[in-house]
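The values are calculated or read from the model by the stated rules, or taken from the named source; none is laboratory data. Owing to the predicted nature of the structure, the values given are computational and were not obtained by experimental measurement. Don't worry about glycine lacking a Cβ; one is built from the backbone with ideal geometry, like all the others, and counts go over all protein chains shown.
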Amino acid sequence: MIEVENLTKKYGDLLAVRDLSFKVEKGKIWGLLGPNAAGKTTTMRILTGYLPATKGKATVSGYDVFEQTNEVKKITGYLPEVVPLYQEMTVNEYLKFVADIKQIPPDKKKEAIERSIETSGLELVRHRLIRNISRGFRQRVGIAQALIHDPQILILDEPTIGLDPAQIIEIRQLIRSLKGEHTIMLSTHILAEVTQVCDGVVIISDGQLKASGSLQELTSSLAERDGVVIRLRKAERELIPLLKGLPGVDNVSQQDDGIKIEWGTDKDIRDVITRYVVDNDLGLIEMKSLALNIEDLYLKVISGGTEQ
Amino acid sequence: MNNIWAVCKREIKTYFTSPIAYVAITVFLIVTGFFFYTLIQWFNMQSMQMARNPQYFQQLNINQMVFAPLFHNISIILLFLVPILTMRLFAEEKKSKTEELLFTSPISISQIILGKYLASLFVLLVMLLLNGLLSLFVFAFGNPEFMPLLIGYLGLFLMGASFMALGIFFSSLTENQIVAAALGFGFFLLFFVLNWASQFAGGIWRSVLNYLSFFQHFDDLTRGILDTTDIVYYLSFMFFGLFLTYSVIQSRRWR
């Protein structure tokens, strides 16, 4: 579990993070979203004990990041934005070194290295110099490095950056498979990643919290209206006034992908619409919910500054 | 202790998988070997000339005539080479962002510094040991005194170790290795010749400048004189360098 309370970080006069508070539940994957220079990396650096905060409190699995830094470092795995690799070492040597400084007991070292090589799929390159392996493998070495001491908490700063689509999918699967045993916080620019991987998000901008919570909570609370988009085989334009007449419908409009029907969030009139369409034999091709997706949510939150 | 060893092991590996250590050691051995050769040749010439005069011949001393000047020459070479050996230690970590791994691992800053420092001392030790093989020749063909020789090498080690400690400090100041090396080189040179100014300074400044100068303390040791003041001087220099490094790293994180 990660808890952050009123965290503030100043670099000289520059306020990188201000008064940030959020909570990540145990065993869940939480995404940290925000535009560039929003304070994502700074927040993660504070959580890993790399940087001290100017003000505020942060606890990781009950350990205070500022008071019990060493305990926090023992149970946290961290993949920084720039993967910290020693170019002149082989993958195996590098992981051995990381196992040493993460204080894995000598009798468990071998096992830990084997496990992290297996989970991150590094068997092929384990005896090659890091300088000579591809970007995708380097990123995986970074993940192996973060996992080696089987940490309760994983902090991943843009784990899929610079990878090709197939590698991105693999890394996402890897991250998802770590859920449950590990509490994971990852930062990303890719919004689709959040819906695919994360259980919840923290959205920050200018170092301030814009929204936080589980994905369902956020999308449903920020939607003002519920709605569907339907596509029909019959002429659609003439139907608009008719659909508007249905009980409970607030607004009907023509869109590129069909007719958008909206109603207040207090009720659900999907059944009414379906029955009308079927009864009048309009030829339903598609009906999809107009739930607020993550892009909308992100843009709305970043521009609007709604707090949750 | 294990942490220090882990860091140290990695640094030693890096020294010896990259060309740095080999180049430094080779250059060191070639140049010091040349010095040794010329000093021995000179000593031979002196011996032959003195051989006709038994009274002077008695006064020939290979420790004083070969090794004392040799140690002085070696110290100059160290002044050039040490900054090259230490410039990488922290500057490189900062530049390649690997320090983020070190500083988010359950290992303290002083353990990191000591690990790196010990690795640099290891290279110094290798250099001096290989150079020390030269003196075996002298034992084969002459009869130098052993203790003064050992003290001379101890002096070289202490001086090199002080340079290393300050070199690490300069490396922690910047992410540019050249800057770190240049700072080290300039600073060492200045401390070497600090006693030149003492002849113009009066009163207390004279003794302060003399005390601070590397040269003054080194000179005793090359002549086989083991004085605790000199040992304390070098040890405090090492401590000072490492302590400054610690403060720089600690304060950088708080900025």
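Structure data summary
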quantity: From B:VAL27, B:VAL7, residue being assigned to a helix (DSSP H, G or I) and more than 30 Å from A:THR41 (Cα to Cα); calculated: B:VAL27
quantity: Complete set of residues in the range A:179-202 that are more than 22 Å from A:GLY39 (Cβ to Cβ) and free of Cβ contacts under 8 Å to residues at least 40 places away in the same chain; calculated: A:GLN196
quantity: Residue list for the range A:160-187, restricted to those being farther than 17 Å from A:ARG135 by Cβ and either of a type in the set (S, T, N, Q) or in a strand (DSSP E or B) (or both); calculated: A:GLN173, A:SER177, A:LYS179, A:HIS182, A:THR183, A:ILE184, A:MET185, A:LEU186, A:SER187
quantity: Condition check for B:PHE71: touching a Gly at 6+ places or on another chain (Cβ under 9 Å) and either within 30 Å of A:GLU81 (Cβ to Cβ) or more than 14 Å from chain A (Cβ to nearest Cβ) (or both); calculated: yes
quantity: Residues (without any contact (Cβ under 8 Å) to a residue 40 or more places away in the chain and either aliphatic (A, V, I, L, M) or touching a Lys or Arg at 6+ places or on another chain (Cβ under 6 Å) (or both)) located in the range B:200-234; calculated: B:ALA201, B:ILE204, B:VAL208, B:LEU209, B:LEU212, B:VAL232
quantity: Scope the range B:79-90; condition aliphatic (A, V, I, L, M) and either within 13 Å of chain A (Cβ to nearest Cβ) or closer than 20 Å to A:ILE101 by Cβ (or both); matching residues; calculated: B:LEU89
quantity: Positions within the range B:91-141 being buried (at least 21 other Cβ atoms within 10 Å of the Cβ), farther than 27 Å from A:GLU67 by Cβ and either without any contact (Cβ under 8 Å) to a residue 24 or more places away in the chain or within 14 Å of chain A (Cβ to nearest Cβ) (or both), in sequence order; calculated: B:LYS116, B:ALA119
quantity: Number of positions in the range A:2-35 that are in contact (Cβ under 8 Å) with a residue 60 or more places away in the chain, outside any strand (DSSP E or B) and either outside the structural domain of A:GLY49 (by TED's automatic domain parsing) or more than 17 Å from the chain's Cα centre (by Cα) (or both); calculated: 0
quantity: Verdict on B:PHE146 being among the aromatic types (Phe, Trp, Tyr), surrounded by fewer than 24 Cβ atoms within 10 Å (Cβ to Cβ) and more than 30 Å from B:LEU60 (Cβ to Cβ); calculated: no
quantity: Every residue from the range B:159-208 that is within 16 Å of the chain's Cα centre (by Cα) and assigned to a loop (DSSP other than H, G, I, E, B); calculated: B:VAL193
quantity: Residues (of a type in the set (Asp, Glu) and more than 19 Å from B:GLU99 (Cβ to Cβ)) located in the range A:84-125; calculated: A:ASP107, A:GLU111, A:GLU114, A:GLU118, A:GLU123
quantity: Tally, over the range A:127-172, of residues that are under 12 Å from A:LEU95 (Cα atoms), among the aliphatic types (A, V, I, L, M) and either touching a residue at least 60 places away in the same chain (Cβ under 8 Å) or not assigned by TED's automatic domain parsing to the domain that holds A:GLU25 (or both); calculated: 4
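Yes/no matrix, rows are residues, columns are (1) surrounded by 15 or more Cβ atoms within 10 Å (Cβ to Cβ); (2) in contact with a Gly (Cβ under 9 Å, 6 or more places away or on another chain); (3) among the hydrophobic types (A, V, I, L, M, F, W, C):
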residue: A:LEU174; (1), (2), (3): yes, yes, yes
residue: A:THR188; (1), (2), (3): yes, yes, no
residue: A:ALA192; (1), (2), (3): no, no, yes
residue: A:SER205; (1), (2), (3): yes, yes, no
residue: A:GLN208; (1), (2), (3): yes, yes, no
residue: A:GLN255; (1), (2), (3): no, no, no
residue: A:GLY258; (1), (2), (3): yes, no, no
